[in-house]
Amino acid sequence: MILFVKLFLAHLLGDFLLQPNSWVRNKEEKKLRSPYLYLHTLLHGVLAFAVAGKEGFLVYAIVLAVVHGGIDAAKLVLQRDATKRQWFIIDQLLHIASICLIVMWNEPTDLDWQLDDSFLILMTGAILLTKPTSLLIKVIISGWTPDDKPGDGSLSNAGNYIGILERLFVFGFILTGHFEAIGFLLGAKSIFRFGDLTRANDRKLTEYVLIGTLLSFGIAILAGLAVQYLAMEAAVGLLG
(Lines give C-alpha, C1' and ligand atoms only; values in the text may rest on other atoms or scores of the structure.)
Protein backbone atom coordinates (compact mmCIF):
# COMPACT_ATOMS: atom_id res chain seq x y z
CA MET A 1 0.00 0.00 0.00
CA ILE A 2 2.76 2.46 0.90
CA LEU A 3 4.40 1.93 -2.50
CA PHE A 4 1.17 3.11 -4.13
CA VAL A 5 1.18 6.23 -1.92
CA LYS A 6 4.81 6.93 -2.87
CA LEU A 7 4.19 6.51 -6.60
CA PHE A 8 0.99 8.55 -6.42
CA LEU A 9 2.99 11.30 -4.70
CA ALA A 10 5.56 11.13 -7.53
CA HIS A 11 2.70 11.37 -10.04
CA LEU A 12 1.25 14.46 -8.36
CA LEU A 13 4.66 16.12 -8.29
CA GLY A 14 5.50 15.29 -11.91
CA ASP A 15 2.09 15.97 -13.48
CA PHE A 16 1.16 19.12 -11.59
CA LEU A 17 3.71 20.83 -9.35
CA LEU A 18 6.80 20.29 -11.53
CA GLN A 19 5.15 20.68 -14.93
CA PRO A 20 4.97 24.37 -15.96
CA ASN A 21 2.04 25.60 -18.05
CA SER A 22 4.52 26.40 -20.83
CA TRP A 23 5.30 22.68 -21.15
CA VAL A 24 1.60 21.85 -21.42
CA ARG A 25 1.03 24.49 -24.11
CA ASN A 26 4.06 23.32 -26.09
CA LYS A 27 2.90 19.69 -25.94
CA GLU A 28 -0.61 20.61 -27.10
CA GLU A 29 0.80 22.64 -30.01
CA LYS A 30 3.54 20.26 -31.21
CA LYS A 31 2.13 16.98 -29.84
CA LEU A 32 4.63 14.16 -30.44
CA ARG A 33 7.23 16.62 -31.76
CA SER A 34 7.36 18.46 -28.45
CA PRO A 35 10.61 17.84 -26.51
CA TYR A 36 8.72 18.49 -23.28
CA LEU A 37 6.68 15.31 -23.77
CA TYR A 38 9.86 13.25 -23.49
CA LEU A 39 11.34 15.43 -20.74
CA HIS A 40 8.09 15.03 -18.81
CA THR A 41 8.27 11.25 -19.30
CA LEU A 42 11.89 11.18 -18.05
CA LEU A 43 10.94 13.31 -15.04
CA HIS A 44 8.26 10.80 -14.03
CA GLY A 45 10.75 7.94 -14.20
CA VAL A 46 13.27 9.80 -12.05
CA LEU A 47 10.63 10.81 -9.50
CA ALA A 48 9.20 7.27 -9.29
CA PHE A 49 12.65 5.77 -8.71
CA ALA A 50 13.63 8.44 -6.17
CA VAL A 51 10.40 8.29 -4.18
CA ALA A 52 10.21 4.46 -4.17
CA GLY A 53 13.60 4.38 -2.45
CA LYS A 54 14.51 0.87 -3.64
CA GLU A 55 17.65 -0.12 -5.52
CA GLY A 56 15.83 -2.80 -7.49
CA PHE A 57 12.99 -0.50 -8.54
CA LEU A 58 14.80 0.96 -11.57
CA VAL A 59 13.17 -1.39 -14.10
CA TYR A 60 9.71 -0.69 -12.67
CA ALA A 61 10.38 3.07 -12.76
CA ILE A 62 11.40 2.85 -16.42
CA VAL A 63 8.28 0.85 -17.29
CA LEU A 64 6.07 3.28 -15.39
CA ALA A 65 7.68 6.26 -17.16
CA VAL A 66 7.26 4.68 -20.61
CA VAL A 67 3.62 3.84 -19.90
CA HIS A 68 3.05 7.37 -18.59
CA GLY A 69 4.59 8.86 -21.73
CA GLY A 70 2.50 6.58 -23.93
CA ILE A 71 -0.73 7.62 -22.18
CA ASP A 72 0.18 11.30 -22.53
CA ALA A 73 1.07 10.84 -26.21
CA ALA A 74 -2.26 9.13 -26.92
CA LYS A 75 -4.13 11.94 -25.19
CA LEU A 76 -2.30 14.62 -27.18
CA VAL A 77 -3.06 12.90 -30.48
CA LEU A 78 -6.69 12.00 -29.78
CA GLN A 79 -8.04 14.94 -27.79
CA ARG A 80 -9.78 17.93 -29.35
CA ASP A 81 -10.76 21.27 -27.86
CA ALA A 82 -14.29 19.97 -27.25
CA THR A 83 -13.06 16.77 -25.54
CA LYS A 84 -10.28 18.11 -23.30
CA ARG A 85 -12.34 17.62 -20.16
CA GLN A 86 -13.07 13.97 -20.94
CA TRP A 87 -9.48 13.24 -21.92
CA PHE A 88 -8.13 14.86 -18.74
CA ILE A 89 -10.22 12.48 -16.62
CA ILE A 90 -9.36 9.44 -18.79
CA ASP A 91 -5.67 10.38 -18.70
CA GLN A 92 -5.58 10.60 -14.89
CA LEU A 93 -7.53 7.36 -14.43
CA LEU A 94 -5.13 5.51 -16.73
CA HIS A 95 -2.12 6.89 -14.84
CA ILE A 96 -3.58 5.72 -11.52
CA ALA A 97 -4.38 2.31 -13.02
CA SER A 98 -0.79 1.97 -14.29
CA ILE A 99 0.53 2.81 -10.81
CA CYS A 100 -1.72 0.09 -9.33
CA LEU A 101 -0.40 -2.46 -11.84
CA ILE A 102 3.22 -1.54 -11.08
CA VAL A 103 2.56 -1.93 -7.35
CA MET A 104 0.93 -5.34 -7.87
CA TRP A 105 3.83 -6.42 -10.09
CA ASN A 106 6.53 -5.20 -7.71
CA GLU A 107 5.14 -6.36 -4.37
CA PRO A 108 1.92 -8.38 -4.75
CA THR A 109 1.86 -9.53 -1.13
CA ASP A 110 3.92 -6.86 0.64
CA LEU A 111 1.62 -4.83 2.88
CA ASP A 112 4.24 -3.80 5.43
CA TRP A 113 4.33 -0.21 6.61
CA GLN A 114 7.49 1.78 7.29
CA LEU A 115 8.36 4.38 9.90
CA ASP A 116 7.86 7.35 7.58
CA ASP A 117 4.55 6.16 6.13
CA SER A 118 2.35 8.62 8.03
CA PHE A 119 4.38 11.58 6.80
CA LEU A 120 4.20 10.38 3.19
CA ILE A 121 0.44 9.83 3.46
CA LEU A 122 -0.02 13.32 4.93
CA MET A 123 2.14 14.93 2.23
CA THR A 124 0.31 13.11 -0.56
CA GLY A 125 -3.08 14.20 0.77
CA ALA A 126 -1.97 17.83 1.11
CA ILE A 127 -0.48 17.97 -2.40
CA LEU A 128 -3.62 16.34 -3.83
CA LEU A 129 -5.68 19.25 -2.48
CA THR A 130 -3.59 21.93 -4.20
CA LYS A 131 -3.27 22.22 -7.98
CA PRO A 132 -4.53 18.69 -8.82
CA THR A 133 -7.90 19.31 -7.13
CA SER A 134 -8.12 22.84 -8.58
CA LEU A 135 -7.75 21.40 -12.08
CA LEU A 136 -10.22 18.59 -11.34
CA ILE A 137 -12.89 21.03 -10.13
CA LYS A 138 -12.24 23.32 -13.08
CA VAL A 139 -12.70 20.39 -15.47
CA ILE A 140 -15.88 19.20 -13.77
CA ILE A 141 -17.65 22.59 -13.71
CA SER A 142 -16.31 23.94 -17.01
CA GLY A 143 -19.48 22.88 -18.78
CA TRP A 144 -21.59 25.14 -16.57
CA THR A 145 -19.45 28.28 -16.56
CA PRO A 146 -21.82 31.28 -16.78
CA ASP A 147 -21.10 34.29 -18.97
CA ASP A 148 -20.74 36.46 -15.89
CA LYS A 149 -18.44 33.99 -14.20
CA PRO A 150 -16.90 34.68 -10.78
CA GLY A 151 -13.46 36.20 -10.82
CA ASP A 152 -14.13 38.93 -13.42
CA GLY A 153 -12.25 42.04 -12.29
CA SER A 154 -10.54 40.19 -9.42
CA LEU A 155 -6.88 39.56 -8.73
CA SER A 156 -5.11 37.15 -11.07
CA ASN A 157 -5.67 33.52 -9.95
CA ALA A 158 -7.16 34.74 -6.65
CA GLY A 159 -10.03 32.25 -6.80
CA ASN A 160 -7.61 29.38 -7.42
CA TYR A 161 -5.46 30.25 -4.40
CA ILE A 162 -8.51 30.83 -2.19
CA GLY A 163 -9.78 27.36 -3.12
CA ILE A 164 -6.42 25.75 -2.31
CA LEU A 165 -6.21 27.52 1.05
CA GLU A 166 -9.77 26.61 2.05
CA ARG A 167 -9.17 22.95 1.20
CA LEU A 168 -5.94 22.88 3.21
CA PHE A 169 -7.77 24.48 6.16
CA VAL A 170 -10.52 21.84 5.95
CA PHE A 171 -7.85 19.13 5.65
CA GLY A 172 -6.16 20.42 8.81
CA PHE A 173 -9.46 20.68 10.69
CA ILE A 174 -10.31 17.05 9.84
CA LEU A 175 -6.91 15.75 10.97
CA THR A 176 -7.05 17.70 14.25
CA GLY A 177 -10.67 16.72 14.96
CA HIS A 178 -12.13 20.25 14.73
CA PHE A 179 -15.12 19.50 12.52
CA GLU A 180 -17.00 22.54 13.85
CA ALA A 181 -14.36 24.81 12.31
CA ILE A 182 -15.37 23.57 8.84
CA GLY A 183 -18.86 25.02 9.36
CA PHE A 184 -17.31 28.30 10.53
CA LEU A 185 -15.12 28.45 7.41
CA LEU A 186 -18.06 27.69 5.12
CA GLY A 187 -20.16 30.34 6.86
CA ALA A 188 -17.38 32.93 6.57
CA LYS A 189 -17.00 32.24 2.85
CA SER A 190 -20.76 32.55 2.37
CA ILE A 191 -20.73 35.99 4.00
CA PHE A 192 -17.91 37.22 1.77
CA ARG A 193 -19.58 35.80 -1.33
CA PHE A 194 -23.03 37.16 -0.48
CA GLY A 195 -22.34 40.61 -1.91
CA ASP A 196 -21.05 39.24 -5.23
CA LEU A 197 -24.02 36.96 -5.68
CA THR A 198 -26.67 39.54 -4.82
CA ARG A 199 -25.10 42.12 -7.12
CA ALA A 200 -24.89 39.57 -9.91
CA ASN A 201 -28.61 38.77 -9.54
CA ASP A 202 -27.98 35.65 -11.57
CA ARG A 203 -29.23 32.23 -10.53
CA LYS A 204 -26.71 30.48 -12.80
CA LEU A 205 -23.81 32.29 -11.15
CA THR A 206 -25.10 31.37 -7.69
CA GLU A 207 -25.42 27.70 -8.65
CA TYR A 208 -21.97 27.76 -10.28
CA VAL A 209 -20.36 29.11 -7.09
CA LEU A 210 -22.27 26.64 -4.90
CA ILE A 211 -21.22 23.65 -7.03
CA GLY A 212 -17.57 24.73 -6.96
CA THR A 213 -17.64 25.38 -3.21
CA LEU A 214 -19.35 22.10 -2.31
CA LEU A 215 -16.99 20.15 -4.57
CA SER A 216 -13.99 21.86 -2.99
CA PHE A 217 -15.15 21.22 0.58
CA GLY A 218 -16.34 17.68 -0.23
CA ILE A 219 -13.03 16.62 -1.77
CA ALA A 220 -11.11 18.15 1.15
CA ILE A 221 -13.27 16.30 3.70
CA LEU A 222 -12.90 12.97 1.86
CA ALA A 223 -9.13 13.47 1.55
CA GLY A 224 -8.86 14.29 5.26
CA LEU A 225 -10.85 11.21 6.28
CA ALA A 226 -8.86 8.98 3.89
CA VAL A 227 -5.51 10.27 5.20
CA GLN A 228 -6.73 9.84 8.78
CA TYR A 229 -7.70 6.22 8.07
CA LEU A 230 -4.48 5.38 6.22
CA ALA A 231 -2.34 6.98 8.94
CA MET A 232 -4.21 4.92 11.55
CA GLU A 233 -3.58 1.76 9.51
CA ALA A 234 0.09 2.69 9.29
CA ALA A 235 0.28 3.13 13.07
CA VAL A 236 -1.46 -0.22 13.65
CA GLY A 237 1.00 -1.85 11.25
CA LEU A 238 3.93 -0.43 13.18
CA LEU A 239 2.53 -1.52 16.55
CA GLY A 240 1.66 -4.98 15.20
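Computed over the Cα atoms of segment 1-144, the ratio of the radius of gyration to the Kirkwood radius (Rg/Rh) comes to 0.97.
Relative to the longest principal axis of the Cα atoms of the chain, the long axis of helix 35-52 makes an angle of roughly 70 degrees.
Of the Cα atoms belonging to the chain, the radius of gyration and Dmax stand at 19.8, 61 Å.
Rolled with a 1.4 Å probe across the full set of protein chains, the surface gives S190 an accessible area near 70 Å². The C-alpha atoms of the chain define a longest principal axis, and helix 21-30 lies at about 80 degrees to it. Ligands, DNA and RNA aside, M1 has an accessible area near 90 Å² when probed at 1.4 Å. In the context of the full set of protein chains, residues of the chain present 58 Å² of accessible surface per residue (probe radius 1.4 Å, heavy atoms only). The heavy atoms of W144 offer some 150 square angstrom of accessible surface to a 1.4 angstrom probe. Calculated mean residue ellipticity at 222 nm for the chain: -26000 deg cm²/dmol, from DSSP H runs with n ≥ 4 weighted as -39500 (n - 2.57), summed, divided by the residue count and rounded to 500.
Under the rule a/c < 1.5 gives rounded, and otherwise a/b versus b/c splits prolate from oblate, where does segment 46-113 land using the Cα gyration tensor? Display every interim value, and only then the final one.
Details: a/c = 3.23, a/b = 2.17, b/c = 1.49.
It is prolate, given that a/c is not under 1.5 and a/b is the larger ratio.
Relative contact order for the chain: 24 percent, from Cα pairs under 8 Å spaced at least 6 residues apart, divided by residue count.
Length gained on full extension, W87 to T176: 28.4 nm, using 0.36 nm per residue less the C-alpha separation.
Using a Gaussian network model of the chain in which every pair of alpha carbons under 10 angstrom is joined by a spring, one finds that among G163, G218, G143 the greatest mean-square fluctuation is at G143.
For the chain, the share of accessible area belonging to carbon and sulfur comes to 69 percent (1.4 Å probe, ligands and nucleic acids excluded). The angle between the Cα long axis of helix 158-176 and the main principal axis of the chain comes to about 70°, on a 0 to 90 degree scale.
The values are calculated or read from the model by the stated rules, or taken from the named source; none is laboratory data. Note that the structure is a prediction, hence the values are computed from the model and not measured. Accessible surface is based on the protein model in full, side chains and every heavy atom, while ligands, DNA and RNA are left aside. Shrake-Rupley method; radii C 1.70, N 1.55, O 1.52, S 1.80 Å.
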